[in-house]
Amino acid sequence: MNNNSKKRSTKIRNIRLFSIGIVIIIGLIIYSNSFKCSFHFDDYDHIVNNPKIHDLNDFESWWNYSTNRPVSIFTFVVNYHYHELNVFYYHLVNLLIHLINAILVWWFTLLLFSTPIIKKNLLYEHKRLIALIVSLLFVSHPLATQSVTYIIQRQSSLAALFYFLSLALYLQARISDKSVKFKVVLFLGAFFSAVLAFYSKENAYTLPFTIILLELFCLNTKSISFNFKNYRLIVFVVAFISIVGIILFKFSFDIFNPIDPSRSVGTTIIITPLNYLMTQFSVILKYIQLLFFPVGQNLDYDFPITQNFFSLSTIFSFLILTSIFVLAIYYYKKNRIISFGIFWFFLCLSIESSFIPIDDVIFEHRTYLPSYGFFLVFVISVFSILKLKNKNIAISIFVIIVLINSILTYQRNKVWLDDITLWTDVINKSPNKARPYGNRGIAYDNLGNWELALQDYNKAIEINPDYAIAYSNRGLIFGKLGDYDNAISDFSEALRVNPNYVLARWNRGVTYSILQKWEEAIEDYNVVIEIDTSFVDAYYNMGVAYSNLGEWEMALNNFNSTIQLNPEYPNAFLNRGVSFDNLGVLEKALSDYSIAIQKDPNNAVVYFYRAVVYDSLKQYEQSISDYSKAIELNPNLSEAYLNRENVLRKLK
């Protein structure tokens, strides 16, 4: 290698290091205020209050928790295993994924410009600059905050990571002039990355179609033909058909079923495949607007469901999107990379913005992967319009845009600080939507501010009289305030909306138990168990209810079920012992009391009950010993003194 080659190689290496370094530094700065942001919204159901992901060794539980996304779930399992609920480390992982994605975007863009078709573009000589700008836009854009700062949406960014990696490895293999073995390794890496993407989030299933885009737009220099003597074509077709087959096998046609409002708090209208698709015309246009002008961002948009295709907004959105699609076809020959970027954007949105109904019609994190196509088209268009002679003007424009994006992202992260700041922001932007009030009510409830929580629940129910969760949560507050009649009324309203709402049914049963309305409580507990046979608390509480009714056989059956489901359940052995005791099965009662003492050696009541059984079995020394232990643990247990005196009298 001569001196000129060495200098050029060193220069390229330095440019690469600079590009990667500046992307990482900007990403770290703008997300530096995200590490203290709390868990939010779905984080509670899927992470905080989800015991199925709290044991790294319980492979079956966490793998089956979300069979479509076990790779994403695994990252949360590892987070919890090492740091439990310390949000800093969850945010650290999310940010690392985002930074890796930005670097992959940079690499993938460089590879695009190295393909046979795209390298003919007039901007080829500036590919490193273009790759850097696209990467900076990707890392800094505030629309990405929902995929980075909202912890559970790591699923979107993680799927994107494996998506970009798979495509980059595939492109590298296709354009590489190295050995066949090296290419095979790259193709295998691309395949395994694709599998990891598929098991991170469902939108990754567009990847095979994106590979087709790469072949058509970037790699195929000849006219399209199907020569089955070409081994590459055969391998590609087999792989493609296999992946499509797996997708069809994995998902049933149930995914197209309409969504009833009782199953969702995101809408009060039945969502069908047709009205969901029509709504997406306006949603996609909203995404494009947010990518151009990221103002008014909102976690929970109050977006109307389109019921009529011929409404003005729907027709307008459809025509705009159709025009963009036609533009992509037009640019296929004139500027292939612009055409590729547009097709990328629509393809990567296709699963979440098409015929498959989803509870919420719009969420910002759905733009994370598609946004790459937008940034690519935007950067190429600006350079093409300003021409190469105005390159410095273009660079200045992008510097300003990245700076503005960085400030907006930093400010947006402040909104995610806690549930009060987040849901207050949503309420300000969606004042006529019930769910934000309901979720802020939960936040106030968790802080013990029941008055403000009640106000928010009341407002949520005023907006949506069929908001089952708000009724149930308001009922819980009434219960804490001792207003049991209103609590039962609210739980009943929640069940009117959704008869299978397990928590509302359970809480009403608990309230009936507090009021000692045992028959009503048992009826609710039975329904809970019919819906969820593993609801261990329902078995235990029903056992307690039957005990209070003196129906010891039924109580015994329920305590048996409790112990079978959870051998470590608090007081289950104690209460089963009481059941055996009242049924006259003293030896079994004695055994259960002994087990209860092993599990909780500081419970005075268990020693007292066991002492009574020892007395009945005329084992007086053991009885005195247990009464003495009960008195030691609870000197105010007057009945223990009296019973011990009686046993001492028996021993004279």
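The values are calculated or read from the model by the stated rules, or taken from the named source; none is laboratory data. Everything numeric in this text was worked out from a predicted model, so none of it was measured. For neighbour counting, all protein chains shown are included, and Cβ atoms are generated from backbone atoms with ideal geometry for every residue, glycine included.
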Mind counting the residues in the range 174-193 that are of a type in the set (Gly, Ala, Ser) and at pLDDT below 95?
-> 2
Where residues in the range 152-188 are outside any helix (DSSP H, G or I) and either touching a residue at least 60 places away in the same chain (Cβ under 8 Å) or of a type in the set (Gly, Ala, Ser) (or both), which of them is farthest from residue 344 (Cα to Cα)?
-> 179
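Matching residues to (1) modelled with pLDDT of 90 or more; (2) more than 21 Å from the chain's Cα centre (by Cα); (3) over 25 Å from residue 66 (Cα atoms); (4) buried (at least 19 other Cβ atoms within 10 Å of the Cβ):
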{"residue": "204", "(1), (2), (3), (4)": "yes, no, no, yes"}
{"residue": "218", "(1), (2), (3), (4)": "yes, yes, yes, yes"}
{"residue": "234", "(1), (2), (3), (4)": "no, yes, yes, no"}
{"residue": "252", "(1), (2), (3), (4)": "no, yes, no, no"}
{"residue": "266", "(1), (2), (3), (4)": "no, no, no, yes"}
{"residue": "269", "(1), (2), (3), (4)": "no, yes, yes, no"}
{"residue": "299", "(1), (2), (3), (4)": "yes, no, no, yes"}
What residue, of 531, 522, is surrounded by fewer than 19 Cβ atoms within 10 Å (Cβ to Cβ), under 43 Å from the mean Cα position of the chain (by Cα) and β-branched (Val, Ile, Thr)?
-> 531
Looking at this structure, is residue 295 over 20 Å from residue 411 (Cβ atoms) and not assigned by TED's automatic domain parsing to the domain that holds residue 430?
-> no
Answer from 387, 391 - the residue that is over 23 Å from residue 150 (Cα atoms) and free of Cβ contacts under 8 Å to residues at least 24 places away in the same chain = 387
Filter result for residue 47 (over 30 Å from residue 129 (Cα atoms), among the aliphatic types (A, V, I, L, M) and either touching a residue at least 24 places away in the same chain (Cβ under 8 Å) or crowded, with 17+ Cβ neighbours inside 10 Å (or both)) = yes
Exactly one of 603, 634 is under 30 Å from residue 553 (Cβ atoms) and touching a residue at least 24 places away in the same chain (Cβ under 8 Å), and that residue is 603
When you scan the range 269-363 for helices (runs of 4 or more DSSP H) that lie fully inside it, which ones turn up with 2 or more residues that are farther than 24 Å from residue 146 by Cβ and touching an Asp or Glu at 6+ places or on another chain (Cβ under 7 Å)?
-> none
If you take the residues of the range 498-509 that are buried (at least 19 other Cβ atoms within 10 Å of the Cβ) and in a helix (DSSP H, G or I), which of them is nearest to the chain's Cα centre (by Cα)?
-> 504
Taking the range 475-491 and the residues there that are in contact with a Lys or Arg (Cβ under 9 Å, 6 or more places away or on another chain) and small (Gly, Ala, Ser), the one that is surrounded by the most Cβ atoms within 10 Å (Cβ to Cβ) would be 475
Identify the single condition in (1) among the β-branched types (Val, Ile, Thr); (2) over 27 Å from residue 409 (Cβ atoms); (3) touching a Phe, Trp or Tyr at 6+ places or on another chain (Cβ under 9 Å) that residue 12 does not satisfy, given that it satisfies every other one.
-> (3)
Listed residues 406, 339, 381, 371; which is surrounded by fewer than 17 Cβ atoms within 10 Å (Cβ to Cβ) and among the hydroxyl-bearing types (Ser, Thr, Tyr)?
-> 381
Hey, residue 137 crowded, with 21+ Cβ neighbours inside 10 Å and touching a Phe, Trp or Tyr at 6+ places or on another chain (Cβ under 9 Å) or not | yes
Within the range 550-576, restricting to residues that are in contact with a Leu (Cβ under 8 Å, 6 or more places away or on another chain) and more than 14 Å from residue 540 (Cβ to Cβ), the one that is surrounded by the most Cβ atoms within 10 Å (Cβ to Cβ) is 552
Would you mind listing the helices (runs of 4 or more DSSP H) fully within the range 514-596 where at least 2 residues are in contact with a Cys (Cβ under 9 Å, 6 or more places away or on another chain)?
-> none
Conditions (1) buried (at least 20 other Cβ atoms within 10 Å of the Cβ); (2) over 29 Å from residue 478 (Cα atoms); (3) in contact (Cβ under 8 Å) with a residue 60 or more places away in the chain: number failed by residue 414 | (1)
Can you tell me which residue in the range 565-620 is nearest to the chain's Cα centre (by Cα), limited to those that are basic (Lys, Arg) and farther than 26 Å from residue 549 by Cβ?
-> 599
Using the structure shown, decide if residue 121 is polar (S, T, N, Q) and over 30 Å from residue 333 (Cβ atoms).
-> no
Only one of these conditions is not met by residue 75: (1) surrounded by 13 or more Cβ atoms within 10 Å (Cβ to Cβ); (2) of a type in the set (S, T, N, Q); (3) free of Cβ contacts under 8 Å to residues at least 24 places away in the same chain. Which number is it?
-> (3)
